[in-house]
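Colleague: Questions regarding the structure given below will be posed in turn.
The values are calculated or read from the model by the stated rules, or taken from the named source; none is laboratory data. This structure is a prediction, so every number in the text was calculated from the model and none was measured. Note that each Cβ is placed from the backbone with ideal geometry, even for glycine, and that neighbours are counted across all protein chains shown. These accessible areas exclude ligands, DNA and RNA; they are computed on the full protein's heavy atoms, side chains included. Shrake-Rupley method; radii C 1.70, N 1.55, O 1.52, S 1.80 Å.
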Amino acid sequence: MPDLQNQIALVTGATSGLGKVTATELAKMGAHVVVLARNADKATATQREIQAAAGHQRVDVLLADLADLESVRRAAAEFTARYPRLDVLVNNAGLLFGAERQVSVDGNELGVATNHLGPFLLTALLLDKLRASPAARVVNLSSMAYKFAQPDLADFQSKRRYGAMRVYGNTKLYNILFTQEMARRLRAQGIASITTNALHPGVVATNFGASAGGWWSQLAVLARPFMISVEKGAETSVFLATASEVAAVSGGFFAKKKALPVHHPFNTAEHARQLWQLSEELTGASFLA
């Protein structure tokens, strides 16, 4: 087990499922873990559980709604004021929304706001803290659901064509493209102290997708007996956050701790660049330019 005694890790969506297990495992390795969550009561309860499991008190709470860009800015400012650096950022939070299109307080489609724009902005605002680490890692939770993606950057907000699974697949592909483009920009600027990788956790037995409605909810119930445990699902996140064998790997997509190719026609360097530019415009954050 790696010794993370001197590391500071921030995990989003850490009050349940994969995020909670990931945060707990990092804390058990000795890391000072910051739990980013929307709900204060859940976050406090999670904080106590992780402290008990890890056997130390170095577990803090940071409140933010990733779909709310101002909330992300406040959380990033609070983190910046409280901590000297960031060694591990796990962009774990991600949701599959319902059959009806919803928008965030900023007017962004809720799926793209939560799963892509929020993590993009958070990473941008914490870049200086990542650079303050001698060896920082950014781990982005994606999914094989990227194979369902049918992205159209001209209809980025899904105003013309909305479907819960389509939006989810699109955002998981965006997570991969974001990872690849960030890795490319880090290399272009000669920043070797930060790596970033994306992953598919496996088909995990959580309450994920319960709100999607229709056939997707029914399928999730039927498939549950064949799903892997949350603990098993979090293994690749923890691996990418801590393992020495991937310390110098950046821009990869992993499943079961193995690097995999990403097969999708939209997966091109030009589309990754366009997505990055659009994300900067929508969040007001420019980084690694």
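Colleague: Name the single residue that is nearest to TYR146 (Cα to Cα) among those in the range 83-112 being open to solvent by 30 Å² or more (accessible area, probe 1.4 Å) and either part of a strand (DSSP E or B) or among the β-branched types (Val, Ile, Thr) (or both).
Modeller: Per the stated criteria, the residue is VAL103.
Colleague: Could you grab me the full set of residues in the range 89-114 that are of a type outside the set (S, T, N, Q) and closer than 12 Å to THR12 by Cβ?
Modeller: LEU89, VAL90, ALA93, GLY94, LEU95
Colleague: Residues to consider are LEU199, LEU177; find the one that is buried (at least 24 other Cβ atoms within 10 Å of the Cβ) and closer than 16 Å to ALA259 by Cβ.
Modeller: Going through LEU199, LEU177 in turn, just one is buried (at least 24 other Cβ atoms within 10 Å of the Cβ) and closer than 16 Å to ALA259 by Cβ: LEU199.
Colleague: Can you name every residue in the range 244-263 that is under 23 Å from SER133 (Cα atoms) and either out of contact with any Leu (no Cβ under 9 Å at 6 or more places or on another chain) or assigned to a loop (DSSP other than H, G, I, E, B) (or both)?
Modeller: SER244, GLU245, ALA247, ALA248, VAL249, SER250, GLY251, GLY252
Colleague: Return only the number of the condition from (1) within 18 Å of the chain's Cα centre (by Cα); (2) modelled with pLDDT under 95 that LEU219 does not satisfy.
Modeller: Of (1) within 18 Å of the chain's Cα centre (by Cα); (2) modelled with pLDDT under 95, only one is false for LEU219: (1).
Colleague: Residues that are in a strand (DSSP E or B), touching a residue at least 40 places away in the same chain (Cβ under 8 Å) and among the basic types (Lys, Arg): does the range 128-144 have at least one?
Modeller: Yes, the range 128-144 has at least one match.
Colleague: Those residues that are open to solvent by less than 20 Å² (accessible area, probe 1.4 Å), farther than 22 Å from ARG73 by Cβ and of a type in the set (Gly, Ala, Ser), I need them from the range 113-147; list them, please.
Modeller: SER142, SER143, ALA145
Colleague: Here is a further query. Checking ASP152 against (1) open to solvent by 10 Å² or more (accessible area, probe 1.4 Å); (2) out of contact with any Leu (no Cβ under 6 Å at 6 or more places or on another chain); (3) touching a residue at least 40 places away in the same chain (Cβ under 8 Å): exactly one of these is not met. Which one?
Modeller: All conditions are met except number (3).
Colleague: Within the range 252-289, which residues are over 24 Å from GLU231 (Cβ atoms) and in contact with a strand residue (DSSP E or B) (Cβ under 7 Å, 6 or more places away or on another chain)?
Modeller: If the condition is that a residue be over 24 Å from GLU231 (Cβ atoms) and in contact with a strand residue (DSSP E or B) (Cβ under 7 Å, 6 or more places away or on another chain), then VAL262 is the only one that fits.
Colleague: While we're on this one: Taking only the range 26-43 into account, find how many residues are open to solvent by 10 Å² or more (accessible area, probe 1.4 Å) and either closer than 12 Å to ALA9 by Cα or within 21 Å of the chain's Cα centre (by Cα) (or both).
Modeller: The qualifying residues number 7.
Colleague: Touching a helix residue (DSSP H, G or I) at 6+ places or on another chain (Cβ under 9 Å) and not in a helix (DSSP H, G or I): does that describe PRO151?
Modeller: Here the answer is yes, as PRO151 does meet what is asked.
Colleague: May I ask you to list the residues in the range 236-246 that are open to solvent by 30 Å² or more (accessible area, probe 1.4 Å) and touching a residue at least 24 places away in the same chain (Cβ under 8 Å)?
Modeller: If the condition is that a residue be open to solvent by 30 Å² or more (accessible area, probe 1.4 Å) and touching a residue at least 24 places away in the same chain (Cβ under 8 Å), then SER244 is the only one that fits.
Colleague: What is the one condition in (1) out of contact with any strand residue (DSSP E or B) (no Cβ under 9 Å at 6 or more places or on another chain); (2) of a type outside the set (Asp, Glu); (3) open to solvent by 30 Å² or more (accessible area, probe 1.4 Å) that ARG48 does not satisfy?
Modeller: It fails just one condition, (1).
Colleague: If you don't mind, there's one more thing I want to ask. One residue is enough: does the range 59-82 have a residue meeting the conditions free of Cβ contacts under 8 Å to residues at least 24 places away in the same chain, open to solvent by 50 Å² or more (accessible area, probe 1.4 Å) and assigned to a loop (DSSP other than H, G, I, E, B)?
Modeller: no
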